[in-house]
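Structure first, then comments.
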Amino acid sequence: MTLKSYLTSLRGKSVAVVGAGLSNRPLIPLLTQAGADVTVYDQSSQSALGDFYRKCTEDGVKFHLGEDYLDGLAGDIIFRTPGVLPTEPALVRAAANGTVLTSEMELFLSLCPCRVLAVTGSAGKTTTSSILAVLLKNAGYKVWLGGNIGHPLLAETDEIAPDDVAVLELSSFQLHSMTCAPDVAVITNLTPNHLDKHGTMEDYISAKKQIFLHQTSKGRLVLNRDDALTAACAQEARCPVRWFSRRETPENGVFLREDGMICLYKDGEAAPVVSASVLKIPGLHNVDNMMAAFAAAWDMVTVEVMERTARTFSGVPHRLEVIGVRHGATFINDSIATSPDRTIAGLACFREKVILIAGGKDKGLPFDDLGEAVCTHVKSLYLTGWTAEKIKTAVENAPSYAPGCPEIHVIGDFDQTVQAAAEEADCGDTVLLSPACTSFDCFRNFEERGDAFRRIISEME
């Protein structure tokens, strides 16, 4: 089935779109142009949706908005936004009444005519997906990058050729109800995340597993040998597994040799690719990301392409991104760090103690380990957002904490927090924005938060 034929089948049907965010906005005009009766359900107000609301109503789209926006949710088909899980009672009731539940990404995967490489994980999935896309481009493929990264691909489905390659970053929210079967599935790692939405770690892991549970023997699964929860997924795999590891030398995998060389191990022989020391992206976690991408693209690119990509890939915005130097102090944007584990990994990249800016909206995750990491790697801590006091308590309760080590500053306003941290920084210092929390207390997403950090620093004298 093509996208055009699918849309033709919707003529005259009632279609509900839950969520008017970035992933669903390109979908809505496709549905209206196909002749579907479209209703958008979103908790935003009419004024917040602005021109988008005006244009949609001109096209005949109806809206249910506000706090109780899901009341009366119904339709022949419902497209859910990733942020609303299929366990939402309104969706459960609709499904019980015969409504078909789907999503923009589920539909894309069912229609995509080319090979699909999909990446998920608690951390590293964006960087791994980006490396993978560059690897394949450097090998001469036309690559379509989408999912939780880039832009929604559904509207472009009919432009994709069978010889192209789609690289998708998939979140647990997207995967929760999927029955996708990518040609190559990658799980970078599994650590507690998004428990405010999933409720339990079991539900979170179950969602992540959907990336490979529906694969056949023709597929391939790439797993982190060093992460116990990820490695355990191999027991449920229906296809060959390819490993990556910094600690072992797995058969049919990618590993880090003792001398720091990233190698491919196949048929009993190790083939050196590139030294980890030449990577432009810092941290051992980025060595993992590079190895995961190598393992996923193994059959599609040469060792020479792997080496060239490793030497030139400079990272992704908002992920340990150096945004500038002011009076000799370096400012680094790691706004993507929306969980304690991500911030802990970021802190481990620096030899000297840093000035850390952290805090935001709670995800229901403990800050105990972060508290100890802060005591080890941070000389001055600036906290903001809803979780400021919780993080402060975790630091003060850490076994290695001593009063004033680090100094802790709690400031309510994000701009003032960044300015205060910047004013403290001397020549040679590093100021790191790595919040360990989501941005939703003050910003729409982590990108907006990172952009605000960049703006504040650029406007300072």
Just name the residue that is nearest to the chain's Cα centre (by Cα) out of those in the range 246-266 that are open to solvent by 30 Å² or more (accessible area, probe 1.4 Å) and among the hydrophobic types (A, V, I, L, M, F, W, C). 256
Those residues of the range 108-151 which are outside any helix (DSSP H, G or I) and touching a Phe, Trp or Tyr at 6+ places or on another chain (Cβ under 8 Å) amount to 114, 146
The lone condition residue 135 fails out of (1) farther than 18 Å from residue 184 by Cα; (2) in contact with a helix residue (DSSP H, G or I) (Cβ under 8 Å, 6 or more places away or on another chain); (3) open to solvent by less than 30 Å² (accessible area, probe 1.4 Å); (4) aliphatic (A, V, I, L, M) is (1)
Out of (1) out of contact with any strand residue (DSSP E or B) (no Cβ under 7 Å at 6 or more places or on another chain); (2) touching a residue at least 12 places away in the same chain (Cβ under 8 Å), the one residue 228 does not meet is (2)
Looking at residue 310 and the list (1) open to solvent by 60 Å² or more (accessible area, probe 1.4 Å); (2) hydrophobic (A, V, I, L, M, F, W, C); (3) touching a Leu at 6+ places or on another chain (Cβ under 9 Å), which single condition is not satisfied? (1)
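For every residue, the table says whether it meets (1) at pLDDT 95 or above; (2) of a type in the set (Phe, Trp, Tyr); (3) surrounded by fewer than 22 Cβ atoms within 10 Å (Cβ to Cβ).
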residue: 392; (1), (2), (3): yes, no, yes
residue: 414; (1), (2), (3): yes, yes, no
residue: 440; (1), (2), (3): no, yes, yes
residue: 446; (1), (2), (3): no, yes, no
residue: 461; (1), (2), (3): no, no, yes
Which residue out of 374, 410 is more than 19 Å from residue 122 (Cβ to Cβ), of a type in the set (A, V, I, L, M, F, W, C) and crowded, with 22+ Cβ neighbours inside 10 Å? 374
Please verify whether the range 47-54 includes one or more residues that are surrounded by fewer than 19 Cβ atoms within 10 Å (Cβ to Cβ), touching a residue at least 60 places away in the same chain (Cβ under 8 Å) and of a type outside the set (Gly, Ala, Ser). no
Can you confirm whether the range 102-119 contains a residue that is among the acidic types (Asp, Glu) and surrounded by 18 or more Cβ atoms within 10 Å (Cβ to Cβ)? yes
Please work out which one of (1) in contact with a strand residue (DSSP E or B) (Cβ under 6 Å, 6 or more places away or on another chain); (2) surrounded by fewer than 24 Cβ atoms within 10 Å (Cβ to Cβ) is the condition residue 327 fails and give its number. (1)
Only unsatisfied item for residue 208, checking (1) more than 24 Å from residue 270 (Cβ to Cβ); (2) modelled with pLDDT of 95 or more; (3) open to solvent by less than 30 Å² (accessible area, probe 1.4 Å), is (2)
Among residues of the range 93-128 being among the aliphatic types (A, V, I, L, M) and more than 26 Å from the chain's Cα centre (by Cα), the residue nearest to residue 300 (Cα to Cα) is 100
With the requirement that a residue be surrounded by fewer than 19 Cβ atoms within 10 Å (Cβ to Cβ) and touching a helix residue (DSSP H, G or I) at 6+ places or on another chain (Cβ under 8 Å), what does the range 416-426 give you? 419
Every residue in the range 353-371 that is modelled with pLDDT of 90 or more and over 20 Å from residue 420 (Cβ atoms), please. 361, 366, 367, 368, 369, 370, 371
Quick check on my filter: what residues within the range 227-245 are buried (at least 18 other Cβ atoms within 10 Å of the Cβ) and of a type in the set (D, E, K, R)? 227, 242
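The values are calculated or read from the model by the stated rules, or taken from the named source; none is laboratory data. Note that the coordinates shown come from a computational prediction; the quantities given were computed from them, not determined experimentally. Cβ coordinates were reconstructed from backbone atoms using ideal geometry, including for glycine residues, and neighbour counts include every protein chain displayed. Just so you know, the surface numbers come from the protein's heavy atoms only, side chains and all, with ligands and any DNA or RNA stripped out. Shrake-Rupley method; radii C 1.70, N 1.55, O 1.52, S 1.80 Å.
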